[in-house]
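Heads up, the thing below is written out as structure tokens.
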Amino acid sequence: MNVSEAVASRRSVRGFLPTPVDGEVLRRVVEKAGRAPSGGNLQPWHIDVVGGAKLDELKAIMATRVMEAPRGEPTEYDIYPKELPSPYRDYRFQVGEDLYGALGIPREDKMARMMWFARNYQFFGAPVALFCTVARTMGPPQWSDLGMYLQTLMLLLREEGLDSCPQECWAIYPETIGKFLEVPEGRMLFCGMAIGFADEGDKANQFAARRAPLEAFVRFQGV
Ligand SMILES: Cc1cc2nc3c(=O)[nH]c(=O)nc-3n(C[C@H](O)[C@H](O)[C@H](O)COP(=O)(O)O)c2cc1C
């Protein structure tokens, strides 16, 4: 698989097979992704990979937690700006429509959408979970480094035949995850990620998120 194939085939998978993932493969990928660049070579990412009985424990905790606290816990960062202007708001709306359209859940059925969204907290059935935390002292440049690490990791997963879904939904349960992972006080949770083999039959995997056309985000000058 070349880089273009890895980039083109990476997508957010929201339905996984229970097929286990080899721990050696995970170790290899997590280590290789450490070649991602970071400003000043700070390598500000901290990664927890969770599987097996430990993941079953977390899934059980979350099955209860989403019922007890469906709106989550006090958050440590804003997932989106409070006012999301166009075109970003439109892109967000569209991907939601496309996803729930593929699932056959109409916009009016808020309850069904909410129930489906809660599958995030079971990692969409994935056998492996990953969390990314960062020192609280780090700012936007280092947070962008986290993205570089995570995308590198997701591409390397493709090379191993694996799929993923990055999940910032975990940011609304920082207390639960902080306690579960024993995240040191000086660090905070950025996001989680579901990892495994895609269930191609799952309706949630039967749409491709659109992208803005080139001219919407690029200006070429002198090229
Ligand atoms: C940092 C980050 C957090 C995300 N959080 C979630 C999430 O909590 N749940 C989810 O279903 N998708 C999540 N996504 C997936 C995005 O919705 C997805 O990347 C986007 O719609 C583009 O689709 P694609 O990844 O399939 O190309 C997240 C993506 C990123 C990069």
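When you scan the stretch 58-76, do you find a residue that is in contact with a strand residue (DSSP E or B) (Cβ under 9 Å, 6 or more places away or on another chain), assigned to a helix (DSSP H, G or I) and of a type in the set (A, V, I, L, M), even just one? Within the stretch 58-76 (the criterion being in contact with a strand residue (DSSP E or B) (Cβ under 9 Å, 6 or more places away or on another chain), assigned to a helix (DSSP H, G or I) and of a type in the set (A, V, I, L, M)), the answer is yes, since at least one residue qualifies. The lone criterion from (1) among the basic types (Lys, Arg); (2) within 16 Å of the ligand (Cβ to nearest atom); (3) within 30 Å of Glu175 (Cβ to Cβ) left unmet by Arg10 is number (3).
Answer yes if at least one residue in the stretch 207-221 is within 12 Å of the ligand (Cβ to nearest atom) and either under 13 Å from the mean Cα position of the chain (by Cα) or part of a helix (DSSP H, G or I) (or both), and no otherwise.
No: the stretch 207-221 contains no residue that is within 12 Å of the ligand (Cβ to nearest atom) and either under 13 Å from the mean Cα position of the chain (by Cα) or part of a helix (DSSP H, G or I) (or both).
Among the residues of the stretch 60-77, not one is over 13 Å from Glu175 (Cα atoms) and touching a Pro at 6+ places or on another chain (Cβ under 7 Å). Checked against (1) surrounded by 19 or more Cβ atoms within 10 Å (Cβ to Cβ); (2) touching a His at 6+ places or on another chain (Cβ under 9 Å), Ala194 meets all criteria but (2). Would you confirm whether any residue within the stretch 25-45 is assigned to a loop (DSSP other than H, G, I, E, B) and closer than 23 Å to Met115 by Cα? Among the residues of the stretch 25-45, not one is assigned to a loop (DSSP other than H, G, I, E, B) and closer than 23 Å to Met115 by Cα, which makes the answer no. Return a yes/no flag: does the stretch 156-172 have any residue that is touching a Gly at 6+ places or on another chain (Cβ under 9 Å), farther than 23 Å from Asp199 by Cβ and not hydrophobic (A, V, I, L, M, F, W, C). Scanning the stretch 156-172 turns up no residue that is touching a Gly at 6+ places or on another chain (Cβ under 9 Å), farther than 23 Å from Asp199 by Cβ and not hydrophobic (A, V, I, L, M, F, W, C). Out of Leu162, Leu156, one residue alone is in contact (Cβ under 8 Å) with a residue 24 or more places away in the chain and more than 18 Å from Asn205 (Cβ to Cβ). It is Leu156. Can you tell me which residue is nearest to Val30 (Cα to Cα) among those in the stretch 50-105 that are touching a residue at least 24 places away in the same chain (Cβ under 8 Å) and among the aromatic types (Phe, Trp, Tyr)? Filtering the stretch 50-105 for residues that are touching a residue at least 24 places away in the same chain (Cβ under 8 Å) and among the aromatic types (Phe, Trp, Tyr), the one nearest to Val30 (Cα to Cα) comes out as Tyr77.
In the stretch 102-206, counting only strands (runs of 3 or more DSSP E) that sit wholly within it, the ones holding 2 or more residues that are more than 12 Å from the ligand (Cβ to nearest atom) span 128-135, 187-196.
For the stretch 20-38, residues that are surrounded by fewer than 12 Cβ atoms within 10 Å (Cβ to Cβ) and more than 19 Å from the chain's Cα centre (by Cα) total 4.
We did not get these values from a lab; they are worked out from the coordinates using the rules stated. None of these values were measured; they are calculated from a predicted model. Note: ideal-geometry Cβ built from the backbone for every residue, glycine included; neighbour counts use all protein chains shown.
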